[in-house]
Amino acid sequence: MASFLKSAASAGSAAYDSFRRLPGRKFEPAETDQLVLDLQAALTEDRVRNDSAQRALMSHDASVFDGGNAGPVCYPETTDEVVAIMKIAERHDRAVVPRGAGTGLAGGAIPLGDAPVVIAVTKMNRVLEIDEDNGIAWVEPGVINLDLTNHLKPHGYHFAPDPSSQQVCTIGGNVANNSGGPHCLAYGVTNAHIMALEVVSPAGDVLQLGGLDPEPLGLDLRGVFVGSEGTLGVTTKVAVKLTRNRPGVRTLLLSFSSVRDAANTVSGVIAAGVVPAAMEVMDARITEAVENYVHAGYPTDAAAVLLAEVDGLESGVDIDADQIRAIGLANNATDVRLAADDTERALLWKGRKTAFGAIAQIAPDYYLHDTVVPRSALADVLEEVYAIADRNDLLIMNVFHAGDGNLHPLIIFDGRDPGVLDRVHQAGAEIITASLDAGGVLSGEHGIGVEKQKFMSRMFTDDDLDHQNRVRQAFDPVCRANPGKVMPMGHSCADIQQLRAVPRDVWG
Amino acid sequence: MTLGLDADDLNSCVQCGLCLPHCPTFRVTGDESMSPRGRIKLMREVQDEGAPLTAEVLRSFESCVQCRGCEPACPSGVPYGHLMEQTRETLADQKKMAPGWQRLALKPLKHPAALQAGTKALSIIQKTGLVPKRLGLPDDLPFRQEPLVASGDDVYLFTGCVMDAFQRDVHQAGQRVIEAAGFGVTPTGDLAPCCGALQAHAGLAGETRSLAEHMMRSLAPDTPILVDSAGCGAAMKDYGHLLGTDEARAFSARVFDIQEWLADNMADLPTVEPLDLRVAVQDPCHLRHVQRVHLATRVVLAPYVRELVELDDEGLCCGAGGAYSVLEPELAGQIRDRKVASIDRATPDLVASANPGCSMHLAGAGVPTIHPMELIDWALTGTR
Amino acid sequence: MSGDSGSGDSSSATLHSTDPVLREFAELVGETDGVAVAGGRTRWSAGGELDSAARVIQAPSGIVDYVPEEMIVTVRAGTPVAELHAELAAKGQRTGLPERGGTVGGALAVGENDVTVLGRGTVRSALLQVRYVSSEGRIVNGGGPTVKNVTGFDLPRLMVGSLGTLGCLAEVIVRTNPIPTVSQWYLASDADPFASYQAVMAPSAVVYDGTNTLVLLEGHAVDVDQQAGELAATGSFVEVGPPSLPTGHRWSLPPAELKKIATHDTGAFNALVGVGTVWAAKPQPARTLSPEVQAVHDRMKMQFDPTGRLNPGRKPGVNR
C-alpha cells in the first residue's frame, strides 16, 4: 500500500505539472480576423467579443487551473446562431468550447489549445414551456438551476438536482456535468431528470436526443450526452423532468464528537431502509467557517455535524425523522435538532451550500476534491484523508454528500507560500488513490475536465478508455467540441497542445 | 499599474461565482465582464499582471451599479464595494474615469439653494415636455416646497441634497411620524447639505472626505441622526471606514436608517385602521445589501397596511444606483425592466421604497411608489 | 503515444479482466462470427429477426457480490431477475428491473421498465456499472459502483436498450432500493385515471385499460392510507390483490398522448399513466429517427461493432 501510494502520488503530481499555475498567460490586443468578422456577421457585432479582457475572463472558470486560451467569445440567443457558430468554426478549423456560468471546478470550461471559439449560453436563458401533461419543462441551457426551481414553484414542482452552486449554475452546465447535489441521494443525478435534449452537433447538425416518451427510439444518446462535459456538442434546449414538491419535509441537524460516528450513522440509516432526501456531513473546521457566515446555529463545538432531510407526506416523514434520530443517538450523537420551520431549514441549507466559499475567511486559496467511495468505507477513507493532510503539512476540511459516499475534501492554503502547491497536488493525488483503493470512483459530480484526465487510467483499462473514446468519435470525429478534456493523453481529441506557457509580458 | 487595492482584499475572492446572479448587470447581460467575479479578476489582471486599461476593462468597471448585492451573497466576505470605490478613486485621480462634466454635475449637490433653483427650473422645463424620458426623472418635479421646521432635539432628520430638492414631502412625512412617536426632530438642512455618496460612487474620494468632515463638524454630538434615504445612510455609516478615525466611527455609530430607528422606537405611535392596500416592499440596495436593515421596513409598515408582499427577485437592484440611471440609461433600463416584471408578479397597489433614487427610477417606468414614511403618515393622518 | 498517458499502468488494467468467468465468456463471444446472447427468451422477437447464421450463446449467471447497506448488487447478466429479486427480498430490497421473467442482461438490453416504474425507478437509472465483451472479444468496463459518478463517458447508459448490438453484457452493478413497508393495489371502473394520477402525491403505478384504473400505492402505512383517501375522491376504488402483468406489444408515447389513446390504433391496451408506456394488442406504427440522429447511430455502431457481428439482424427500438 505504502509504495503504491507513493508512486501514485508522484504520477499524479507530474500529471498536474502541465497545468498548474502557469505564469499568467496574456493575450495580444484583439486582432479582428476573418473568423471574428464571420461570427459577427452571423450573430451581431456586440455579441461576438474578441477583446483581451473578455478572452482573459473566458479563459477561466471556478477551478484553480490557469492558462486557458479563449478565442472569440460568442453569446448566441438561438439554436440557429449556435449552428452558425459551429459551421463557421468548422470553416476556420477552430474548436469550440461551450460555457454556462463558469462555476465548474474541474476546468471543463477552460478553452485549450489554439484559441477555441467560446460559446457562452448565458443569453439563452428562457423557460420556454411548462408541460404538466408530459411532466416536463422545456428550457434553454442558460437558465439558472435555482431560477428554474423558483419558476416551477407556483406549479407545485421543482428540478431535483440541486448542486451547491445551484443559485448560479446553469441547466446546460448541469447537463454537461451530470450534476448532483445533496438531494440526488433520493432523487438521482441530472441524467435521471433529463427527458430530451436538443443539441448542436460538432458538425453543426441539430439533433433531438431522447424524447418525452419513456423509451425513445434507438440508442439512449441523451443518456450518453449528459455528463459528456461539452465534448459531444452544445446543448441548446433541455426537457427537464418536473418533480412534484413534497408537502412534508423534516430537516435534522445531528452533532457528533467524531467524524466516524457521523459516517456510521449515515451507513446505519441506509441499512435500515430509510432513503432520506439528503444526508450531508461537515467536520468541525468547516462548520465553524460556515457558522461565521450564516449564523444558522450550527454547533461549533462538535467534531462533525450531519444534516439529514426526509421528505414525503406529512405523516410518513415523522416516522423517517424519528428513525434517523434513533440511529443517530445509537451512534453517539451528542445533540439532535429538528429545524422548526422553513426559515430555519433554509438557513441550515444556505450554510451547507456556501461552505466552499466560506473558507476564504481562513486562507485565500482552496482546492476542492470530489471522489466517491462506498458508504461503508466512508469513515476509514476520511481518517486516511486527515492523515494525508498531516503528512503533507496541509489544512484539510471535509464537507460531503455522505448519503452517496461523495467526498469533498477541501484543502485550504495560501498559494503565495513557497512550495505549497506541490504539497497540495501531492495530497490530492493521495486522496484520489485512497478513494479508488477503497473501491470508489474519480469524480462524483465535478467531472474530469482537465483536472483528472491523468487519473482515468487508475480506474479504467486501455480497453475501457478506448471504448469511451469511441463514443466521442461517433459524435465528434474531428475533435471540434471542447478538445483536450475528459479523455487522457494518448486518446484522440486529448492530444492537443496542453496549456502552454505564454510570455508574461504580452499585455505590455 | 496599481489600482491601490489592498492585496489581501483582492485575494479574498476565490472566483466561485456565487455572486453572479446577484449582480444586476450580469443578470441583464450574461457577460462575465459585467459581473463582480469578472470585475475583480480584471482588477487583479491590471494590478497584479500589468494588463493594460483597455476600453473594455474600463467599461467593466464603470458599468457597475455599486449596489453591492454581491456582498451578502459572498461567502468569502469579499469587500467588493470598497474594491470598486478604490478602483474608481484611482482611475478618477488619473483622469481615466469620471469625466469632467460628471464632476461638475455633482458640484451643486453641496449647494442646496442652487439645487432647489435647478429643480424649479427643471420642473418648468418638464412641463414643456423637453426633458428626455431616459433621464428617469419623476413625472412632476415640485415647483415650490414648504420649509422644514425643527420641533425638538431628540433626533436629527438628515435632509440631504437631491432628495430635499425633489422629495421634501418625504422628509415632512418622516418628521410627522417621528413626532407622532413622541420625539422632537431637527431637520439638518443647511447644516449638513450633502453626504458625499454620489461622489464616492464616482471615485471622487477627496470630495467625499471633505463633505464627511464638514458634516461631522456641523452636527451636535450624541444625537441620533435619522436618514430616510438608504444611499445617504449607507454612505454616512461608512464614514468610519472612509476616514478611519475614532471620531468618524463614533459618528457612523449614531447614524440610523429612519425605519431602522423607528422599529425600535414605535411603541408610542397611535394605533389606527390600516390602509386598505396591498403594498410590495422594494428594498433599496444600500438598505438591504449595505446597511442590511431592510427587515425594519416590514416591522414599521406591518401595522399600517392591509397586506405586505415580498418581491421574488431576492433584492436584486432596480438600476437606479444614484447617478447610474442617468449615466447608464440603457443598462439601468434593462435592470429596471426586470424589477418591474417582479413587481408585476407581486400585483401590489403600491410599492414602498425607502430610497429617493429607486422611487424616481421606478416612477419613470410608471410604477406607483411611495416612501414607507409617507405610508405611515398617510395611515396616521388619514391624508396622503 | 504519450509517456504519462498511463497506458502501461497495470494496476487497474488487470482489475476486471482476470475474472475467469468473464474471460471464459469473452472467449465464447470470440472475435469474428455473428453472435447473439440469449437470456430467458421472454422478449426474443425484440429488435426484429435474428440472422439465422448467428451463434446463440448464454451469458454467465450468479450474484457476485451483494452488500445491502451499499444499496448495490453485482450480478452476472445471465441471472434470472426473479432469482436476483428473491435474494434481495431477503434483505428487504429490490431493483428497478422488470419482474416479468427473463434475465438481468435481457432486461437491460431491452430497456423495458417495470409496471411500477414510478415507484422503483427506471431501468436506465438502475444500471451503475457494466462489464461487457466487445465485438473484438475484449472485456470492457464502464461506469462505477457508486450512484454518483461522472468519470468519463457514460457507457452504461449507452448499453441500456441497445439490444446487445454494441457489446455482450457480462456482469453489471445495479442499484437497489428498499421494498416499501406497504404495497397495495386499488381498482376502480369509474375513475378518471388522469385525475387519480394527479390526486395522489407519489403513486407507484397508475394503469388504465380504457375502463378500469389500477393504482399501486406504496410506503409507510400512514402514507398509503392518506393517499388512498385522496384516491377515493377520484373514483370508487377498492383494494385488490396484485394484478397480472400487462402483455402485448409495447408502445412508447409521451404521457400527454395517453389522454388521446382512443385516437391510436392499439386494440386492447393497458396504459401507464404519467409514464407513457402502453402494452397493446397491436404494434406501435414504425417510428423513424431524423437522418442526422440516424447518422450518429450508424457511426456509433461502426465504432463498437464495425463488422456487424453483434446480435446481427436486430435493431434497437424495432418490434417492441
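The values are calculated or read from the model by the stated rules, or taken from the named source; none is laboratory data. It should be emphasised that the depicted structure is a prediction, and the values quoted were computed from it without experimental measurement. Here the Cβ is made from the backbone with ideal geometry for all residues, glycine too, and neighbour counts use every protein chain on show. Areas reflect the complete protein model, heavy atoms only, side chains present, ligands, DNA and RNA absent. Shrake-Rupley method; radii C 1.70, N 1.55, O 1.52, S 1.80 Å.
Suppose every Lys and Arg Cβ carries +1 and every Asp and Glu Cβ carries -1, with no other charges. What dipole size does segment A:247-361 come out with about its Cα centre, to the nearest 20 debye?
My answer is approximately 300 debye.
Sequence neighbours fewer than 8 away in the same chain don't count; with that in mind, list the aspartates and glutamates whose C-alpha is under 13 Å from residue A:350.
Counting by Cα, and skipping residues close in sequence, residue A:350 has these aspartates and glutamates nearby: A:162, A:280, A:291, A:342.
Measure up A:452/A:485; A:452/C:148; A:123/A:485; C:259/C:282 against 20 Å on the Cα-Cα distance and list the ones that go over.
From the list (A:452/A:485; A:452/C:148; A:123/A:485; C:259/C:282), the Cα-Cα distance tops 20 Å for A:123/A:485.
Ranked from highest to lowest mean number of other Cβ atoms within 10 Å per residue, what is the order of the peptides A:342-353, B:358-369, C:151-162, C:239-250?
So the order, starting with the most tightly packed, is C:151-162, B:358-369, A:342-353, C:239-250.
Taking the DSSP beta bridges in the protein assembly as shown as the whole, what percent of them are antiparallel, to the nearest 5?
75
Provide a whole-number value for the mean count of partner chain Cβ atoms within 10 Å of the Cβ atoms in peptide B:8-17.
Partner Cβ neighbours, averaged per residue: 6.
Could you state how much accessible area residue A:267 has, in square angstrom rounded to the nearest 10, with a 1.4 Å probe and all protein chains kept in place?
20
Using a 1.4 angstrom probe on the protein heavy atoms only, could you order A:400, C:194 from most to least accessible area?
Listed by decreasing accessible area, they come as C:194, A:400.
Pairing rule first: another cysteine's C-beta must sit under 4.7 Å. Under that rule, which cysteines of chain A stay single?
For chain A, the answer is A:74, A:169, A:184, because their Cβ atoms have no other cysteine Cβ under 4.7 Å.
Before anything else, pin down the relative contact order of chain B: Cα pairs under 8 Å, at least 6 apart, normalised by residue count, whole percent.
17
For a test of the definition: using alpha carbon positions, the gyration tensor, and the 1.5 limit on a/c, classify segment A:252-318 as rounded, prolate or oblate.
oblate
Compare the peptides B:345-353, C:48-56, A:38-46 by average per-residue count of other Cβ atoms within 10 angstrom and give them in order, highest first.
B:345-353, A:38-46, C:48-56
So, counting K/R as plus one and D/E as minus one, what does the shell of residues with Cβ under 13 Å around residue A:285 add up to? Numbers along the way, then the final one.
On the way: positive: none; negative: A:283, A:288, A:291, A:301.
Neighbour charge sum, excluding residue A:285 itself: -4.
Would you mind working out the magnitude of the charge dipole of the protein assembly as shown relative to its Cα centre, with +1 at each Lys and Arg C-beta and -1 at each Asp and Glu C-beta, to the nearest 20 Debye?
In debye, rounded to 20, the protein assembly as shown gives about 1840.
Rank these by accessible area, largest first, 1.4 Å probe: A:195, B:236.
Values: A:195 35, B:236 0 Å².
Ranked from most to least accessible, the order is A:195, B:236.
Name the shape class, rounded, prolate or oblate, that the alpha-carbon gyration tensor gives for chain A, where a ≥ b ≥ c are the square roots of its eigenvalues, rounded holds for a/c under 1.5, and otherwise prolate holds if a/b is larger than b/c and oblate otherwise.
oblate
Residue by residue through segment B:217-233, which ³J(HN,Hα) values in whole Hz follow from phi under the Karplus form 6.51 cos²θ - 1.76 cosθ + 1.60 (θ = phi - 60°), with glycine and proline marked x?
5, 7, 9, 4, x, 6, 6, x, 10, 8, 10, 9, 10, 4, x, 5, x
For segment C:288-303, what does the Karplus curve 6.51 cos²θ - 1.76 cosθ + 1.60, with θ = phi - 60°, yield as ³J(HN,Hα) per residue in whole Hz, taken in order and with x for Gly and Pro?
10, 8, 5, x, 5, 6, 4, 4, 5, 4, 4, 5, 4, 4, 4, 5
Answer rounded, prolate or oblate for segment B:201-327, using the Cα gyration tensor with square roots of eigenvalues a ≥ b ≥ c: rounded when a/c is under 1.5, else prolate when a/b is larger than b/c, else oblate.
In terms of gyration-tensor shape, oblate.
Let me check something: with ligands and nucleic acids excluded, how do B:278, B:338 order by accessible area (1.4 Å probe), largest to smallest? List each step's numbers first, then the result.
Details: B:278 55, B:338 95 Å².
Output order, biggest surface exposure first: B:338, B:278.
Quick query: amide H of residue C:205 versus all other amide H atoms, modeled in the peptide plane; which residues come in under 5 Å with a sequence gap of 5 or more or a different chain?
Answer set, sorted by chain and number: C:216.
Can you list residues whose amide H is under 5 Å from residue A:194's amide H, if they're 5+ apart or on another chain and H is modeled 1.01 Å from N?
For residue A:194, whose amide H was placed from the backbone, the distant partners under 5 Å are A:241.
Using amide H atoms built 1.01 Å from N in the peptide plane, name the residues 5+ places from residue A:170, or on other chains, whose amide H lies under 5 Å from its own.
Under 5 Å from the amide H of residue A:170: A:101, A:145.
By how many nm would the segment from residue C:244 to residue C:209 grow when fully extended, if each residue of separation counts as 0.36 nm and the alpha-carbon distance is taken off?
11.3 nm
For a quick protection proxy, order the peptides A:253-263, A:412-422, B:267-277, A:163-173 by their average other-Cβ count within 10 Å, most packed first.
Those peptides, ordered most packed to least, come out A:163-173, A:253-263, A:412-422, B:267-277.
To the nearest whole number, what is the average tally of beta carbon atoms from other chains within 10 Å of the beta carbons of peptide A:313-320?
5
Residue by residue through C:160-172, how many Cβ atoms from other chains fall within 10 Å of the Cβ on average?
Details: counts 4, 7, 3, 1, 0, 1, 4, 1, 0, 0, 0, 0, 0.
Mean partner-chain Cβ count within 10 Å for C:160-172: 2.
Apply the Karplus parameterisation 6.51 cos²θ - 1.76 cosθ + 1.60, with θ equal to phi minus 60°, to every residue of segment C:148-161 and state each ³J(HN,Hα) to the nearest whole Hz, in sequence, with x for glycine and proline.
Result, rounded to whole Hz: 8, 6, 10, 10, x, 6, 8, 4, x, 4, 5, 6, 5, x.
What is the distance, in nm, between label points placed 7 Å from the Cα along the Cα-to-Cβ direction at residue C:38 and at residue A:332?
Simple spin-label model gives 5.8 nm for this pair.
In deg cm²/dmol, rounded to 500, what helix-only [θ] at 222 nm does chain B give when every DSSP H run of at least 4 residues adds -39500 (n - 2.57) and the total is split over its residues?
So the calculated ellipticity at 222 nm is -13500 deg cm²/dmol.
With every protein chain in place, what's the accessible area of residue B:2 (1.4 Å probe, Å², nearest 10)?
About 90 Å², rounded to the nearest 10.
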